[in-house]
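As structure tokens, the structure follows; a few thoughts come after it.
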Amino acid sequence: MRRRVVGVGGGLLALVAAVVGGAKAQAATLQSAGQSPLAAKVRRVLDSYYLRPLNTRDDAPWSVLHWSIAYGVDATVSVDRPDGQRVTAIGWLCANYPSAGQRLAVPSEEGFALPVAPGIQGHDGQFLAMLAQSHVKEHYLFRVGHHELTVADLVEYEKRTCRPNIELTFKLIGIASYEGTDAVWKNARGEQWSVRRMLEEELRAPISRLESTCGGLHRLLAIHYAVERRQREGKPIDGPFQQAHQKTLAYQRRAWEMQNADGGFSTAFLDYRENRGDVTRRLTASGHVLEYLAYSLPKEQLADPRFERAVDYVATLLEGKEGTPWHRGAMGHALHALAIYEQRMLGGRPGERSERLAGATSVDSATGRR
């Protein structure tokens, strides 16, 4: 059976076709020659969850955002009901259409604002960080009311709203990605800011489940993201970038120290050893730590038996439980961890999943790898 996946917002995304016949999709995942059992399992889990998208009746923008963290430009949502028409999730968010009665952006005197509130954003800059990690280009359309904007306008918004002594984690990811690591600007108060200053502030911030969100794993990922971006620019890893690199190495070692015998990571994140029985807590903690390691470890270390055990642990927690009402954040980051593994080890790319499962090629020119 085939179902159309449609773009939204007057051409924000192109029409694509999607197969929702689970049996065909499952068979396709197992036909890759030479694929290891672990790789096949990871792809099987990712494909099976992909074929059961969130829906705009029940899932707020915060949930759709986390779904998009996992699947990027491939992510879709069903409109109005679980079996509704499927549309691209990033297109839905960028059109600022409602999900569970809420919208991501609101009009303001300055044009628009992105509130941090339940059901919307959990952190300043979270939406922009997701778009950056999904390789959405800066000229991609973003709408608020009757105003047609672009992702570049979101970047400027996050730059204007930088403040000292706030969480800068997600702003750092977004601004470093779109502006580069040498970017310098002034915020709405006329204060001088830069990617380097943001990184310095994040390096001073705590890494602890009691003092930072999700045990500080988002902050650690952002710190490494800045270094990785700097390396891709071919610029010196000096000053705070060198400090960030050393911090990455230290916390990678810390993560291995916190690994439990079953392959998962401490349910106390990186604070101390713990292995609580609550499956949601285990998925939350192990998914976040695995996401950080999958992104920050050198590729050759992704074949480390410790890492493979962790991948298998997270995949096992998820496998066969697509109908479970998982906490959307826990599920999104765990799936993202597996998706990073798939991309780095199996050569996955943005748009590949929808093409492979649908037998069709997206013609959207607004998104793609940066």
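Derivation of every value follows stated rules applied to the coordinates shown; laboratory data play no part. Please read these numbers as outputs of a predicted model, since none were measured by experiment. Cβ sites come from the backbone with ideal geometry, for glycine too, and all protein chains shown count toward neighbours.
Miscellaneous remarks
- The fewest-to-most ranking of Asp83, Asp153, Asp59 by surrounding Cβ atoms within 10 Å reads Asp83, Asp153, Asp59.
- Counting 0.36 nm for each residue step from Glu211 to Arg253 and taking away their Cα separation leaves a gain of 13.0 nm.
- For the range 264-279, backbone phi angles converted through the Karplus equation (6.51, -1.76, 1.60; θ = phi - 60°) give residue-by-residue couplings of x, 10, 4, 6, 9, 6, 9, 6, 6, 6, 6, 9, 6, x, 5, 5 Hz, Gly and Pro being listed as x.
- 5 angstrom amide H check on Gly351, placed H, neighbours 5+ away: Val73, Asp74
- Among the GluC sites (Glu not before Pro) within the range 141-249, those in coil by DSSP and having at most 14 neighbouring Cβ atoms inside 10 Å are Glu191, Glu211, Glu233.
- The GNM of the chain, with springs linking C-alpha atoms under 10 angstrom apart, assigns the highest mean-square fluctuation among Val155, Val87, Val106 to Val106.
- Translational diffusion coefficient (Stokes-Einstein; Kirkwood radius from C-alpha pairs) of the range 74-198 at 10 °C, 1.306 mPa s, in µm²/s: 104
- Residue with peak Gaussian network fluctuation, the chain [Cα springs, cutoff 10 Å], from Pro350, Pro61, Pro206: Pro206
- When the Cα atoms of the range 223-306 are aligned to their principal axes, the ranges along those axes come out at 45, 25, 19 Å in descending order.
- Max mean-square fluctuation residue, GNM over the chain, Cα-Cα springs under 10 Å, options Gly287, Gly111, Gly180: Gly111
- Per-selection Kirkwood Rh - the range 258-343 (Cα, Å, 1 d.p.): 12.7
- Dividing the radius of gyration of the alpha carbons in the range 131-247 by their Kirkwood radius gives 0.98 for Rg/Rh.
- Rounded FRET efficiency, nearest 0.05, which uses the C-beta distance separating Ala40 from Arg273 and R0 of 35 Å: 0.65
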